[in-house]
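The values are calculated or read from the model by the stated rules, or taken from the named source; none is laboratory data. Fair warning: this is a prediction, and the values are worked out from it, not measured in the lab. Note that we place each Cβ from the backbone using ideal geometry, even for glycine, and neighbour counts take in every protein chain shown. SASA here: full protein model, heavy atoms, side chains in, ligands and nucleic acids out. Shrake-Rupley method; radii C 1.70, N 1.55, O 1.52, S 1.80 Å.
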Amino acid sequence: AQTVTQSQPEMSVQEAETVTLSCTYDTSESDYYLFWYKQPPSRQMILVIRQEAYKQQNATENRFSVNFQKAAKSFSLKISDSQLGDAAMYFCAYDSNYQLIWGAGTKLIIKP
Amino acid sequence: DVKVTQSSRYLVKRTGEKVFLECVQDMDHENMFWYRQDPGLGLRLIYFSYDVKMKEKGDIPEGYSVSREKKERFSLILESASTNQTSMYLCASRSHRVFNQPQHFGDGTRLSIL
């Protein structure tokens, strides 16, 4: 069965600096999708970025980028130029057909 | 933009009550999901539905049931509420027409069982 592990329950970063959130997963499949979702204190879960496993190029969305290492089964999220609005819970998820397999989440704190 | 609406943001019920949580999406999505979110545990899937009148058990279905009579609406039912069902409940939907589309979420319902 697939599993997703986020080893950092909480991270903090100074505003305007860069932070990397870790995610590892376990699967025997060769083709799959990975997602990072953000859940601000307002609670609605929002998609941050998506990576297709067969694409070697790392996905980027403005200040958000991933470091996808398929062989190592690692999918970290880098946030550049951190802003106060980035404070949230961040969840890594693996797409297994109809279901998403979720990590436990990392709480990101932005220090002004 | 996709809109997923959950009927209540906060709900307080008593042990033994039958509780209904409603979720409506406006994008004609085939797939709908109910999750439970607890600190340190991430999101755990309770039930999901491929399409109208279809349902599948997720990882923690015990004590819950669901109903999907119309495509836009997916209801979660707590048959006899217990205190260990106090939690945040999230509904999500996604299109099945394009492979591996992201899920879109509602605002969540914070349910307290007294």
* To do: Enumerate the pairs (first residue in the range A:25-52 and of a type in the set (Ser, Thr, Tyr); second residue anywhere and part of a loop (DSSP other than H, G, I, E, B)) with beta-carbon separation below 6 Å, excluding pairs fewer than 6 apart on the same chain, so at least 6 apart or on different chains.
  => A:Tyr25/A:Lys73; A:Thr27/A:Gln2; A:Tyr32/A:Ala53; A:Tyr33/B:Asn100; A:Tyr37/A:Met45
* To do: Please determine, by comparing only the residues of the range A:74-112 that are more than 22 Å from A:Glu17 (Cβ to Cβ) and open to solvent by 60 Å² or more (accessible area, probe 1.4 Å), which one is nearest to the other protein chains (Cβ to nearest Cβ).
  => A:Tyr98
* To do: Of all residues in the range B:58-104, count the ones that are among the β-branched types (Val, Ile, Thr) and within 14 Å of chain A (Cβ to nearest Cβ).
  => 2
* Since A:Ile49 meets every condition but one in (1) open to solvent by 60 Å² or more (accessible area, probe 1.4 Å); (2) of a type in the set (Val, Ile, Thr); (3) within 13 Å of the chain's Cα centre (by Cα), which condition does it not meet? -> (1)
* Asked: Limited to the range A:37-60, what total is found for residues that are under 17 Å from B:Asn100 (Cα atoms), more than 8 Å from chain B (Cβ to nearest Cβ) and among the basic types (Lys, Arg)?
  -> 1
* Structure fact -> The condition of being within 25 Å of B:Thr5 (Cα to Cα), at pLDDT 95 or above and not β-branched (Val, Ile, Thr) holds, among A:Met11, A:Met45, A:Met89, only for A:Met89
* To do: Only residues that are crowded, with 19+ Cβ neighbours inside 10 Å and not in a strand (DSSP E or B): list them for the range B:75-84, please.
  => B:Ala81
